[in-house]
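The next block holds one structure in the form of structure tokens; read it before the comments.
Where a number appears in this text, it was derived from the coordinates with a stated rule and is not lab data. Just so we're clear, the structure is a prediction, and the values are computed from it rather than from any experiment. All Cβ positions, glycine included, derive from the backbone under ideal geometry; neighbour counts span all protein chains shown.
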Amino acid sequence: MAYSEKVIDHYENPRNVGSLDKNDLSVGTGMVGAPACGDVMKLQIRVNAEGVIEDARFKTYGCGSAIASSSLVTEWVKGRTLDEAMSIRNSQIAEELALPPVKIHCSILAEDAIKAAVADYRAKHEAVGVADVAASEARAA
Amino acid sequence: MRLPIYLDYSATTPVDPRVVDKMVPFLYENFGNPASRSHVYGWTSEEAVETAREQVAALVGADPREIVWTSGATESINLAIKGAAQFNKDRGRHLVSVKTEHKATLDTLRELERHGFEATYLDVQPDGLIDLDVLRSSLRPDTTVVSVMMVNNEIGVVQDIAAIGEICRERGIVFHVDAAQATGKVAIDLGALKVDLMSFSAHKTYGPKGVGALFVRRKPRVRIEAQIHGGGHERGFRSGTLATHQIVGMGEAFRIAREEMAVETARVRALRDRLLNGIREMPEVHVNGDLEQRVPHNLNVSFNYVEGESLIMAIKDIAVSSGSACTSASLEPSYVLRALGLTDELAHSSIRFSIGRFTTEEQVDFAVRLIQGKVGKLREMSPLWEMVQEGVDLDKVQWAAH
């Protein structure tokens, strides 16, 4: 197992481990992977009124490269808009961490986790948006 | 304390310094070929080889004339299984073994299958032990060889060799036992056991690598076909100049094992229990394999909700083996643990600790503290652990498999 120094650094000092309240409307939660495959990543983002990700947290069950990939993306998504976060590619993660070919799936999973978290946030807001419209229409009537 | 701490005695053991001291003269002044009959160099070496043969035989209750030197347990197993299968091929071509055997046995059987033999691989029970009724029902009129390991290398469980021997003997089936992991750990009395062939290794019992032995019973006589030809050494069973220094080392290692087994086993058991009690202070720790019918040197445990490779990475200050082979892309967990019915997740998160002659209490305590700290940290980081704490049943979750 020849891990790069960056993987070992993120593995030994993971950034932003933890959880945000998944019921909070400003939080988007993405959970990807499966225990039987050896990797499960949970990525959470907190989005402010301007649509900028101001905080991120992760929990990961997986190998050192999976932990490092998720730790890295919590750093990368902070301060970005949702669209900017969605533009992060697995190849950038793999390059930054110098992942070997057998660990590329870890970076793919991290990209998927970002997409899932953003999709969850957007889905919540669309649902709320519809509800808000319905509520205001009800009040107007 | 020197790091990493060695807790992988089932992989190999350090050579006991007393063994090294016995070996060295046979590399220097006593370099003679034990097959040289015409001078004192040869006679000295031959005498040393025969003393070692007596020492190996004494540990396992055999006659020295029943011991054949080989290069190690893998060669012994090849010679035993191929030799017996080929010798008896006109009588039958069916061979029986177990799914949890070492690759030395499984790959030998696969090779025989490619040459017209048929093999049955028995399942084990969840505790790792063979169900004797399953064994009985697998035997056929054309079954010629049964091969079972005495002590499993991954989980340390001890099979009921005496009972299996009875079953084979009454049917006239040749019974081979892989005892590589057993010598010096459990008492072996080939005077009582109905075993026809038994394979031994030196380096699992504080002897050197590169030497082993095969027991070939004389009464009733067991016949096998030689696999290595060239000079007819070892009564034709195994040709090749004997490695005197290695053989002397194996003899001395087995002499020490015989004399110190009782004391050493008690000490090792106390250390194993100390290790087990320490890591069992954590929840969701599973012992793999039966804990009673097991050598005390082995502890194989799974840490639920922690992924195996990250665990190995976290505990690099102890040298242990993992049941997880997920360093490759295949994500294949241990076939032994899978045969026990473990889920892939539990098999992946397994660690084999094996304790030995030079393990200390201080080392065990260090290992316990390290594991508690690292498993705790990885669980804090694990979304699965969080979900279980929240009461989520992970089996009911729809995972997005990738």
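Compute and list, largest first, the equivalent-ellipsoid semi-axes of chain B from the alpha carbon gyration tensor, each √(5λ) rounded to a whole angstrom.
39, 27, 17
If you project the alpha carbons of segment B:216-352 onto their three principal axes, what span does each projection cover, largest first, in Å?
Computed over segment B:216-352, the largest-to-smallest principal extents equal 58, 41, 33 Å.
About the Cα centre of segment B:270-402, what is the dipole size in debye to 20, counting +1 per Lys and Arg Cβ and -1 per Asp and Glu Cβ, all else neutral?
Value, rounded to 20: 400 debye.
For peptide A:60-72, how many partner chain Cβ atoms fall within 10 Å of a residue's Cβ, on average? Don't skip to the end; give the middle numbers.
Values: counts 7, 15, 7, 12, 6, 3, 3, 6, 1, 0, 2, 1, 0.
Whole-number average of other-chain Cβ neighbours for A:60-72 is 5.
Report the net charge of residues surrounding B:Q363, where surrounding means a beta-carbon distance below 14 angstrom and charges are Lys +1, Arg +1, Asp -1, Glu -1.
Every neighbour counted, the sum reads +1.
With the contact rule set at Cα under 8 Å and sequence spacing of 6 or more, what percent relative contact order holds for segment B:290-402?
That works out to 31 percent.
Could you give the nm distance between label points at B:K209 and B:Y121, where each point is 7 Å from its Cα heading toward the beta carbon?
Rounded to a tenth, the inter-label distance reads 2.6 nm.
Please report B:T105, B:T265 as a ranked list, fewest other C-beta atoms within 10 angstrom at the top and most at the bottom. Display every interim value, and only then the final one.
Values: B:T105 25, B:T265 17.
With the sparsest Cβ surroundings first, the list reads B:T265, B:T105.
Evaluate the charge dipole of segment A:42-121 about its Cα centre and quote only its size in Debye, nearest 20, assuming +1 on the Cβ of each Lys and Arg and -1 on the Cβ of each Asp and Glu.
Roughly 300 debye, rounded to the nearest 20.
Roughly speaking, what is the centre-to-centre gap between segment B:341-386 and segment B:1-34 when only Cα atoms are used, to the nearest Å?
So the separation of the two Cα centres works out to 30 Å.
Sum up the charges of everything whose Cβ sits under 14 Å from the Cβ of B:V216, counting Lys and Arg as +1 and Asp and Glu as -1, but leave B:V216 out.
Numbers: positive: B:R53, B:R65, B:K82, B:R217, B:R218, B:K219, B:R221, B:R223, B:R235, B:R238; negative: B:D63, B:E66, B:E75, B:D196, B:E225, B:E234.
Its environment carries a net charge of +4.
Percent antiparallel among DSSP beta bridges with both residues in the protein assembly as shown, to the nearest 5?
Taking every DSSP beta bridge within the protein assembly as shown, about 65 percent pair in antiparallel fashion.
Using packing as a proxy for protection, rank A:66-74, B:141-149, B:82-90 so that the peptide with the highest average count of other Cβ atoms within 10 Å comes first.
The peptides rank, most packed first, as A:66-74, B:141-149, B:82-90.
Based solely on its DSSP helices, what 222 nm [θ] is calculated for the protein assembly as shown when runs of n ≥ 4 H residues each add -39,500 (n - 2.57) and the sum is averaged over all residues, nearest 500 deg cm²/dmol?
-13000 deg cm²/dmol
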